[in-house]
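Worksheet: the structure to be examined is printed underneath.
The values are calculated or read from the model by the stated rules, or taken from the named source; none is laboratory data. Remember, it's a predicted structure, so these values are computed and weren't measured experimentally. Ideal geometry is used to build each Cβ from the backbone, glycine not excepted, and the neighbour counts take in all protein chains shown.
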Amino acid sequence: MTTVSPTTSGSSTTASQTASDAYTDNYQMFLTLLTTQLQNQDPLEPMDSSEFTQQLADFTAVEQAIATNSNLETLIALSQGTMAADSISYVGKDVTADTDEAALKDGEATWNYALDADATEVKFTVADENGKVVYEETIGATEEGSHTFSWDGETTSGTTLTEGAYTLTVAATDSSGNAVDADLTVTGTVTAVDLTGSIPIFIVDGLEIPMTSIVTVSEPEAQSV
């Protein structure tokens, strides 16, 4: 069953609305004071209006700034709404994400890794959620390009671990002993979307993956009957 977490409603009063209300109160007070002073000034010695003119100009500038902030908040809200609507369409799709974390499920965890050059040795190190190394494996010559590494959930000593999130580190070297870069990704099916934050979070095989980490999206492969 797929689920989509609802967005949480923020405060009904935005920062720009609060600023606008404060501005309105201050502006009305300013106009009241200005009107009162003009009505009670000495006709033979009229007051200098330059100060009030400057204050009026300042109030106008503040009003324009508040209006600009309000418009920006509206644009951001519309953008987030569009992103949320788009993210819901990912449910049920297969995605590949930039991450070194994979889920151990049904006795297997699988990572994709891409080598930037040919390697003479590649070492895989798996760690649990606490950073403790639970498994290590080293293989020989591996060509440049994309590969997969699967782990059955057993430690180096043969103990079977519980399901959960595990992290993979890949250390590869070439024939000269120089390090070869390895990019890690994980592929899985989106089962839910968390929209409570500013960026949608996809739930993929129990892992939380930000929408910004997704690199490919595809329809799931049809299962044979």
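A few comments on the model shown:
- Qualifying residues in the range 154-165 (those that are under 19 Å from Lys123 (Cβ atoms) and not charged (D, E, K, R)) - the one surrounded by the most Cβ atoms within 10 Å (Cβ to Cβ): Thr155
- Condition check for Ala109: buried (at least 19 other Cβ atoms within 10 Å of the Cβ) and closer than 29 Å to Glu221 by Cα: yes
- Residue check for Val170: of a type in the set (A, V, I, L, M) and touching a residue at least 12 places away in the same chain (Cβ under 8 Å): yes
- Every residue from the range 193-225 that is out of contact with any helix residue (DSSP H, G or I) (no Cβ under 6 Å at 6 or more places or on another chain), surrounded by 17 or more Cβ atoms within 10 Å (Cβ to Cβ) and in a strand (DSSP E or B): Asp194, Ile201, Phe202, Ile203, Val204, Leu207, Ile209, Ile214
- Given (1) over 26 Å from Ile199 (Cβ atoms); (2) modelled with pLDDT of 95 or more, index of the condition Ser157 fails: (2)
- Only residues that are assigned to a strand (DSSP E or B) and within 17 Å of Ala171 (Cα to Cα) were counted in the range 114-160, giving 25.
- Pairs where the first residue, in the range 140-159, is closer than 14 Å to Glu108 by Cα and the second is modelled with pLDDT of 95 or more and part of a loop (DSSP other than H, G, I, E, B), C-beta under 7 Å, 6+ apart: Gly153/Leu161; Thr155/Leu161
Residues checked against (1) in a helix (DSSP H, G or I); (2) closer than 30 Å to Asp194 by Cα; (3) at pLDDT 65 or above:
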| residue | (1), (2), (3) |
| --- | --- |
| Leu34 | yes, no, yes |
| Phe52 | yes, no, no |
| Ala61 | yes, no, yes |
| Ser70 | yes, yes, yes |
| Val95 | no, yes, yes |
| Ala102 | no, yes, yes |
| Asn112 | no, yes, yes |
